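Chemist: Got a structure here, written out as structure tokens. Questions coming.
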Amino acid sequence: MIRVLLVDDHPLYREGLAQALADFEDMEVVGTASDGAEAILLVDELTPDVVMMDVQMPVLDGITATRQLTGRHPHLGVVVLTMSEDADTVFQAMRAGARGYLLKGARRDQVARAIRGVADGEALFGAEVARRVVSFFDAVESTAVSANAFPELTAREREILSLVAAGRSNQAIAEELYLAPKTVRNNVSNIFAKIQVADRAEAIVKARTAGLGRDLT
């Protein structure tokens, strides 16, 4: 039997979640708390296996409470259950020690699956949250690649190459960067020579492979 503590400052949500979990024979809701401070006291008293933790709460927020709880009870599984899909909130919860993250719109079976997985030592994230985390890391990786690409170019030349990679014409680049069209043409010629490409099409392929221009299309 998995012992579960529910922590949320909205009584109706706590009660609804408790009723939803009551139908599962392998878990028991042993208590509920309305804020992070109360949750800490109840964990010491009730020794649950899993805590379902809201983020935005009075007195003590869910991230801080999670950090304190996992510090005091390393084997405790915390599943953050919130309205926020923000990647920063997900990473804060992860750093605090949460092993699961679900949106409050998750189905009952998804919540139960997360509880079972976290109780068994797994780390679980809802599908939408997982997609956002992957997108975040893809963006970070692309930025890192772009920052290190073509060190032979000046900052201005790299900026122009990014716009070329995004499919902008010389005239469009001139208007966007407030440059004279002739200045853009000269820069583009210099760029092609420095990165050793024969034409615009080859430059676009080479630049996009290095991560430039993807966020501008």
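The values are calculated or read from the model by the stated rules, or taken from the named source; none is laboratory data. For clarity, every value in this text was computed on a predicted model and none was experimentally measured. Reconstructed Cβ throughout: ideal geometry from the backbone, glycine too, with neighbour counts over all protein chains shown.
Chemist: Can you confirm whether THR47 is under 19 Å from ASP86 (Cα atoms) and modelled with pLDDT of 95 or more?
Modeler: no
Chemist: Let me ask another. Would you call VAL55 surrounded by 17 or more Cβ atoms within 10 Å (Cβ to Cβ), hydrophobic (A, V, I, L, M, F, W, C) and either over 19 Å from ILE115 (Cα atoms) or modelled with pLDDT under 95 (or both)?
Modeler: Taking the combined requirement at face value, the residue satisfies it.
Chemist: Restricting to the stretch 1-21, name every residue that is out of contact with any strand residue (DSSP E or B) (no Cβ under 7 Å at 6 or more places or on another chain) and either small (Gly, Ala, Ser) or part of a strand (DSSP E or B) (or both).
Modeler: GLY16, ALA20
Chemist: Moving to a separate point now. List the number of the failed condition for VAL50; all other conditions in (1) buried (at least 18 other Cβ atoms within 10 Å of the Cβ); (2) without any contact (Cβ under 8 Å) to a residue 60 or more places away in the chain hold.
Modeler: Unmet for VAL50, out of (1) buried (at least 18 other Cβ atoms within 10 Å of the Cβ); (2) without any contact (Cβ under 8 Å) to a residue 60 or more places away in the chain: (2).
Chemist: Now a separate question. Filter the stretch 31-41 down to the residues that are closer than 19 Å to LEU21 by Cα and in a helix (DSSP H, G or I) and list them by number.
Modeler: ALA39
Chemist: How about the stretch 150-217: which helices (runs of 4 or more DSSP H) wholly inside it have at least 3 residues that are of a type outside the set (Val, Ile, Thr) and loosely packed, with under 13 Cβ neighbours inside 10 Å?
Modeler: Details: elements: 155-165, 170-177, 181-195, 200-209.
Helices (runs of 4 or more DSSP H) meeting the threshold: 181-195.
Chemist: Same structure, new question: Just one of VAL129, VAL78 is of a type in the set (A, V, I, L, M, F, W, C), touching a strand residue (DSSP E or B) at 6+ places or on another chain (Cβ under 9 Å) and at pLDDT 85 or above; which is it?
Modeler: VAL78 is the lone residue from the list that is of a type in the set (A, V, I, L, M, F, W, C), touching a strand residue (DSSP E or B) at 6+ places or on another chain (Cβ under 9 Å) and at pLDDT 85 or above.
Chemist: In the list PHE91, PHE24, which residue meets the criterion of being among the aromatic types (Phe, Trp, Tyr) and either assigned to a strand (DSSP E or B) or within 15 Å of ALA119 (Cα to Cα) (or both)?
Modeler: Criteria check complete, one pass: PHE24.
Chemist: At pLDDT 75 or above, assigned to a helix (DSSP H, G or I) and not assigned by TED's automatic domain parsing to the domain that holds ASP199: is that true of VAL118 in this structure?
Modeler: It is true that VAL118 is at pLDDT 75 or above, assigned to a helix (DSSP H, G or I) and not assigned by TED's automatic domain parsing to the domain that holds ASP199.
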